[in-house]
Amino acid sequence: MAGGAIVSTGAPKDYPAKLTFFVLFASVVAATGGLIVGYDIGISGGVTSMDSFLSKFFPSVYRKEKENQSTNQYCKFDSQVLQMFTSSLYLAALIASFFASSVTRMFGRKWSMFGGGITFLVGAALNGFAQDVLMLILGRILLGIGVGFAGQSVPIYLSEMAPARMRGMLNIGFQFMITIGILAANLINYGTSEIKGGWGWRISLGLAAVPASIITVGSLFLPDTPNSLIERGHADEATRMLRRIRGTHDVHEEYNDLVAASEVAKLVKHPWRNILKRKYRPQLIMTILIPFFQQLTGINVIMFYAPVLFKTIGFGGNASLMSAVIVGLVNVFATIVSIVTVDKLGRRKLFLQGGSQMLACQIIVGTLIAIKFGTSGEANPSKTYAAFVVFFICVYVAGFAWSWGPLASLVPSEIFPLEIRSAGQSINVSVNMLFTFIIAQAFLTMLCHMKFGLFYFFGGWVLIMTTFVAIFFPETKNVPIEEMILVWKAHWFWGRFIADEEIHIGGRIEMANGILKAGSK
Ligand code: BGC
């Protein structure tokens with residue numbers, strides 16, 4: 001059982017909720033934020049599997065790859081520098097996301113997005129024109145700073161602009177755009193690898209400038225959010241803005257609530273210290289564990305290194321890139337499944353189903369590779385055999401794309417009370433980046449040492465996280481954010497962290513026969 005019974009008679013606030021042009025425009029900007037993140041994830045694996053790129057920047061890896069086919073397949077791409085090319089971006093994003101949260105708060109969301117876009121543009125240029133590894137890595141670091149700023153400010157911007165009832169859907173829309181970015185990158189890699197003359201990788205890396213230009217220019221035309229304007233003392237402008245984005249004059253109630261929320265937030269002088277209080281323990285643990293678990297599904301092994309992995313199991317360069325495109329397509333379409341079902345089926349069902357599916361596939365893929373490659377890593381599997389592996393990898397990716405993919409950003413964004421929401425969100429982003437970095441840096445080495453066992457390793461983690469969800473994660477669908485505390489209070493385990501008198505949701509609370517009841521004002 002994952003939670004006690006909850007009866008909530010308090011209706012969520014229902015502000016005017018037209019989807020105006022302004023809000024639509026905001027969604028497009030958020031979309032380009034997702035594209036930037038996704039483009040990075042998808043582009044590096046393809047580029048690092050291109051011979052011309054490898055021979056220019058990583059000649060020792062290139063030589064190892066070209067050596068006699070009978071060498072150990074598991075280890076042929078094992079290189080710390082090659083991994084650093086992929087991972088440096090996430091380390092930079094991790095560090096940048098701390099600074100981004102202050103910029104976003106003090107100067108507004110808009111300038112944070114603009115700064116992210118510009119840095120990203122410079123990074124794309126450095127990469128496209130790179131002459132040596134240093135230029136390459138420097139470019140990646142700048143791209144990472146861009147990702148850190150965009151990843152911090154765009155989702156906040158989006159959820160502040162969105163009418164409350166469309167927030168969940170728009171939130172997954174951001175993840176959806178990440179998957180489109182990954183797919184676009186896979187397709188571009190497929191195209192540029194065909195270019196004779198060995199400069200195709202320059203186009204792959206340089207084209208990152210396209211989504212970067214969209215967000216840079218787009219942000220200049222964006223208004224800042226009413227929340228941010230109020231926070232920075234521009235009350236009149238905030239009223240005007242709220243009327244404009246909601247498409248009505250009748251914004252009095254929402255405006256007052258925003259002012260009240262901002263007052264409460266100002267009272268909390270130390271959100272970082274506050275978040276450590278015992279009563280926030282359930283949410284704090286979730287916001288650390290969820291992004292951690294998401295990365296331990298092993299998804300980025302596929303997203304970053306699919307072409308390299310497919311080469312390892314015996315595909316030629318072209319077939320590897322094509323397979324990565326297929327995986328990218330599955331990722332996009334399976335994400336749509338969660339957009340459509342998340343508010344009906346709920347989060348728990350998707351977590352549990354997706355987790356079981358991923359686990360089954362990891363066991364199958366690990367075993368298929370074990371049968372052919374054993375521990376020596378020497379084999380030449382048939383095309384059909386390799387296609388089987390790719391098929392089960394696709395089923396695994398589908399399981400991820402309708403569970404841990406979107407839910408790992410949706411859930412942390414909906415479980416925190418306002419006063420610590422942004423601190424909680426920063427923790428979520430940083431933990432995600434930290435473990436993305438670790439997986440990117442370690443995967444090729446892990447493959448070399450753990451061999452097929454690597455798939456069982458991630459499978460073991462998926463088993464742990466799925467069990468964790470089954471026991472500790474209460475359903476959060478359709479629960480108004482302001483009443484979320486009741487969900488934790490009613491849970492058999494988390495309830496003990498929250499004292500009855502600590503529940504304030506602006507309404508009458510009753511506790512009778514173990515049933516919590518929230519009444520509206
Ligand atoms: C994750 C990324 C991952 C992507 C795959 C995102 O939710 O944070 O690390 O590459 O999903 O679609």
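The values are calculated or read from the model by the stated rules, or taken from the named source; none is laboratory data. Quick caveat: nothing in here was measured; it's all calculated off a predicted structure. Cβ sites come from the backbone with ideal geometry, for glycine too, and all protein chains shown count toward neighbours. The accessibility values were calculated without ligands, DNA or RNA, using every heavy atom of the protein model including side chains. Shrake-Rupley method; radii C 1.70, N 1.55, O 1.52, S 1.80 Å.
Of the residues making up the stretch 179-201, one or more are among the hydrophobic types (A, V, I, L, M, F, W, C) and without any contact (Cβ under 8 Å) to a residue 40 or more places away in the chain.
Number of residues in the stretch 288-324 that are of a type outside the set (F, W, Y) and within 14 Å of the ligand (Cβ to nearest atom) equals 14. If you check F400, F435 for being under 25 Å from S87 (Cβ atoms), open to solvent by less than 20 Å² (accessible area, probe 1.4 Å), within 13 Å of the chain's Cα centre (by Cα) and at pLDDT 85 or above, only one passes: F400. Of all the numbered requirements in (1) under 23 Å from S403 (Cβ atoms); (2) at pLDDT 90 or above; (3) open to solvent by 40 Å² or more (accessible area, probe 1.4 Å), M166 misses one, and that requirement is (2).
Rundown of residues vs (1) closer than 26 Å to P163 by Cβ; (2) among the aliphatic types (A, V, I, L, M); (3) modelled with pLDDT of 90 or more, yes/no style:
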residue: T239; (1), (2), (3): yes, no, yes
residue: A261; (1), (2), (3): yes, yes, no
residue: W272; (1), (2), (3): no, no, no
residue: R278; (1), (2), (3): no, no, yes
residue: I288; (1), (2), (3): no, yes, yes
residue: Q294; (1), (2), (3): no, no, yes
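Can you say whether L486 is in contact with a Leu (Cβ under 7 Å, 6 or more places away or on another chain), farther than 21 Å from Y90 by Cβ and either part of a helix (DSSP H, G or I) or not hydroxyl-bearing (S, T, Y) (or both), as far as the supplied structure shows? Answer is yes for this residue.
Based on what the data block shows, is G424 in contact (Cβ under 8 Å) with a residue 24 or more places away in the chain and within 26 Å of K64 (Cα to Cα)? Spelling it out, it is not the case that G424 is in contact (Cβ under 8 Å) with a residue 24 or more places away in the chain and within 26 Å of K64 (Cα to Cα).
In the stretch 325-338, of all residues being under 15 Å from the mean Cα position of the chain (by Cα) and of a type outside the set (G, A, S), the one that is nearest to the ligand (Cβ to nearest atom) corresponds to N331. Scanning the stretch 343-392 for residues that are without any contact (Cβ under 8 Å) to a residue 60 or more places away in the chain, more than 16 Å from the ligand (Cβ to nearest atom) and under 19 Å from W461 (Cβ atoms) returns Q353, A360, I364, F392. How many residues does the stretch 438-473 contain that are open to solvent by less than 10 Å² (accessible area, probe 1.4 Å) and either in contact with a strand residue (DSSP E or B) (Cβ under 9 Å, 6 or more places away or on another chain) or among the β-branched types (V, I, T) (or both)? Of the residues in that region, 2 qualify. Within the stretch 133-152, residues that are closer than 14 Å to S426 by Cβ reach partners that are open to solvent by 50 Å² or more (accessible area, probe 1.4 Å) with beta carbons closer than 8 Å, at six or more positions or on different chains, in the pairs G148/I95; G148/F99.
Scan the stretch 265-300 for residues that are touching a residue at least 60 places away in the same chain (Cβ under 8 Å), within 15 Å of P417 (Cβ to Cβ) and not in a helix (DSSP H, G or I) and the total you get is 2. Does at least one position in the stretch 393-404 carry a residue that is part of a loop (DSSP other than H, G, I, E, B) and within 12 Å of the ligand (Cβ to nearest atom)? Yes, that holds for at least one residue. Just so you know, in the stretch 405-444 the residues that are among the aromatic types (F, W, Y) and within 15 Å of the ligand (Cβ to nearest atom) include one that is farthest from F174 (Cα to Cα), and it is F443. All conditions but one from (1) within 20 Å of N432 (Cα to Cα); (2) in contact (Cβ under 8 Å) with a residue 12 or more places away in the chain; (3) of a type in the set (S, T, Y) apply to S102; the one that does not is (2). Number of residues in the stretch 176-195 that are within 19 Å of the chain's Cα centre (by Cα) and open to solvent by 20 Å² or more (accessible area, probe 1.4 Å) equals 6. Does the stretch 243-292 hold any residues that are of a type in the set (A, V, I, L, M) and out of contact with any helix residue (DSSP H, G or I) (no Cβ under 8 Å at 6 or more places or on another chain), and which are they? Across the stretch 243-292, the qualifying residues are A260, I285. Being in a helix (DSSP H, G or I), surrounded by fewer than 14 Cβ atoms within 10 Å (Cβ to Cβ), on the phi < 0 side of the Ramachandran plot and not β-branched (V, I, T) is the requirement here; does D236 meet it? Answer is yes for this residue. Please tell me if T476 is outside any helix (DSSP H, G or I), of a type outside the set (A, V, I, L, M) and crowded, with 18+ Cβ neighbours inside 10 Å. Criteria met by T476.
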